[in-house]
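Here the structure comes first, spelled out in structure tokens, and everything after it is commentary.
What follows is calculated from the coordinates using simple rules that are stated; it is not laboratory data. What you are looking at is a predicted structure, and each value in this text was computed from that prediction instead of being measured. Neighbour counts are summed over all protein chains in view; Cβ atoms, including those assigned to glycine, are modelled from backbone coordinates with ideal geometry.
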Amino acid sequence: MFGKKFFVNRYRLLGWDFRDVTPRQAIRVNRMNVDGFDVVGRLRDLGVELEKVPFLENGYWVVRSDFSVGATVEYLLGYYSIQEAAAQIPATLFTDLKGKIVLDACAAPGGKTVQLADLMENTGAIVALDVNKRRLEALTNQLERCRVKNTVVYQLDARQASRLGLRFDRILLDVPCSGNFATDRDWFRHRTLNDVKRNAKLQRQILAEAAKVLRSNGEIVYATCSLEPEENELNIDWAVKNLGLETVDIDCYGDEAPTDVFGLKLDESVSRCRRIWPGETQGFFVCKLRKRR
Amino acid sequence: MTERDVVEGFARLFGAELFLNKGFVVRNGNSYFLLSQKLRSLTEKRGDWLYAGTYLGKIGRNGVFHPSPSLLLLIAGKAKNRITVDDKAAWLFICGRDIFKEGILKIEGSGRKGAYTLVFNRNGECLGYGRIARNLEKLKGGLAVKNLFDIGDFLRRERSAAKEI
């Protein structure tokens, strides 16, 4: 069970007709570092053509630039980050982040960690975990460049987060996933349904660990850049039925998630999740969860 | 010498007096970090962290302290030794090049050979630091400040990481 035809047929059954897309490059302004001046204006003065992303407060599409937007003084000073538009959504779904203790369980390479710090205005604390040492270097470079002050980084598997002996107010689970064809040109050639199922299993283990370390009034935001329901709706259905979690309404870009997946009836509350099909953005899935009251 | 002494001693090279809370400057391996109260209590519970709070710099193999851009930013507001450079010199500086007299717009504090100075662009943003190569007052042109560290380091790190992968 693999190949473009197989996966494209699955997408059609989920309500989306395949079309080849190239996601647009986007940046996110780090508000914590640009207090009092207009970094977008500065980039425009340099000749970078930007367009506001309608569904993001601090996101801009890069329409045209004669040079890499990752090689400006403004970038090096941490005034903005290069972050794909759909990937900017998950961190914005939390309520009331300031002063909170936040777990970023699969943090590298750190785009969302920096965004969390920005939304928290460098207050509270972020505990950022990742297993891969090389990816952790990318994470710490981002933290340093963007002048993040409220984060502590551990090399630790998200499935072992309880070893920290901490309880968290907010948990971001940007879990390892199969990815999607919009950001990986060879996706259909090297992915199989077995890969998807293997990732889904790992994601459930991470979800279970997160539920353990979540405070009673805490929130989890679960995100993948996979289009496969095993990693998305089916995992949330499982979490709702097995981990004492419930989904929460979110108001963001994307379609209501299906609750009938290839004939399998899921918990109706799974429809609160959002599925973003590739277009101007890459493919994405987001869901907000809390402990059942 | 305490962790705080190392960092404050570095700031004094630029004529800046930093007053950091002793218990909040911590050393982890060769790296120095400034922690908030909250991070300090979190890291006390579990000590094997890689990075925490504001990264201040590290001691290199030669035993010399290498500052981070964040530390230079902390020092920037208090430093007496500063030079401001034009756009071309600023760009060359963050590409790792030295500064020539022709690119300097303003000199503040010591311009003596051997003095350390922070380097700013026209917008007042600190781009790094260097050591004055020749007495700036009498210098008509040519090499003025040797580049010791600049924020282009982030790009060089990203590129070398990409090559490794």
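Annotations for the structure displayed:
- The distance from the alpha carbon centre of segment A:1-63 to that of segment A:173-241 is 21 Å, rounded to a whole number.
- When only the Cβ of Lys, Arg, Asp and Glu is charged (+1, +1, -1, -1), the dipole of segment B:3-75 relative to its Cα centre reaches about 200 debye.
- When you filter the GluC sites (Glu not before Pro) in segment B:1-70 for DSSP loop state and at most 16 other Cβ atoms inside 10 Å of their Cβ, you are left with B:17.
- In terms of packing, defined here as the mean over residues of other Cβ atoms within 10 angstrom, the peptides B:26-35, B:125-134 line up highest first as B:125-134, B:26-35.
- Each of A:146, A:177 was scored by other Cβ atoms within 10 Å of its Cβ. Arranged with the fewest first, they read A:177, A:146.
- Exposure proxy for B:138, A:4: other Cβ atoms within 10 Å of each Cβ, ordered fewest to most, give B:138, A:4.
- The trypsin sites (Lys or Arg not before Pro) found in segment A:73-142 that occupy coil by DSSP, while having at most 14 further C-beta atoms within 10 Å, are A:98.
- Dipole of segment A:186-293, positive end: most advanced residue of A:266, A:217, A:229 [Cβ charges, Cα centre]: A:217
- Relative contact order (%) - criterion: Cα under 8 Å, at least six apart; region: chain A: 18 percent
- The sum of -39500 (n - 2.57) across all DSSP H runs of n ≥ 4, divided by the residue count of chain B, sets its helix-only mean residue ellipticity at 222 nm to -8000 deg cm²/dmol.
- As a length-normalised measure over Cα pairs under 8 Å and 6 or more apart, the relative contact order of segment B:80-165 settles at 31 percent.
- Neighbour counts of other Cβ atoms within 10 Å put A:144, A:268, A:219, A:228 in the fewest-to-most order A:268, A:144, A:219, A:228.
- Relative to one another, the C-alpha centroids of segment B:118-161 and segment B:1-20 are positioned 21 Å apart.
- Full extension of the chain between residue A:133 and residue A:192 yields a length gain of 18.5 nm, computed as 0.36 nm times the residue separation minus the alpha carbon distance.
- Positive-end residue, segment A:24-83 charge dipole about Cα centroid, Cβ charges, pick of A:72, A:48, A:59: A:59
- Relative contact order (%) - chain B, alpha-carbon pairs under 8 angstrom, separation at least six: 17 percent
- Entries in A:112/A:241; A:98/B:38; A:100/B:58; B:106/B:140; B:113/B:138 that, when Cα-Cα distance is taken, lie over 20 Å: A:112/A:241; A:100/B:58
- Rounded to the nearest 20 debye, the dipole magnitude of segment B:71-120 is 240 debye, with +1 charges on Lys and Arg beta carbons, -1 on Asp and Glu beta carbons, and the Cα centre as origin.
- Gap separating the Cα centres of segment A:111-147 and segment B:32-110, nearest whole Å: 19 Å
- Computed magnitude of the charge dipole of the protein assembly as shown (debye, nearest 20; Cβ of K, R +1, Cβ of D, E -1): 1480 debye
- The mean count of C-beta atoms from other chains within 10 Å of the C-beta of residues in A:129-141, rounded to a whole number, is 3.
- Between the beta carbons of residue A:63 and residue B:41, assuming R0 = 51 Å, the FRET efficiency works out to 0.65 to the nearest 0.05.
- Absence of a disulfide-compatible partner, taken as no other cysteine beta carbon within less than 4.7 angstrom, is noted in the protein assembly as shown for A:106, A:146, A:177, A:225, A:252, B:95, B:126.
- Local charge for residue B:10 was computed over the other residues whose Cβ lies under 15 Å away, with Lys and Arg +1 and Asp and Glu -1, and equals +3.
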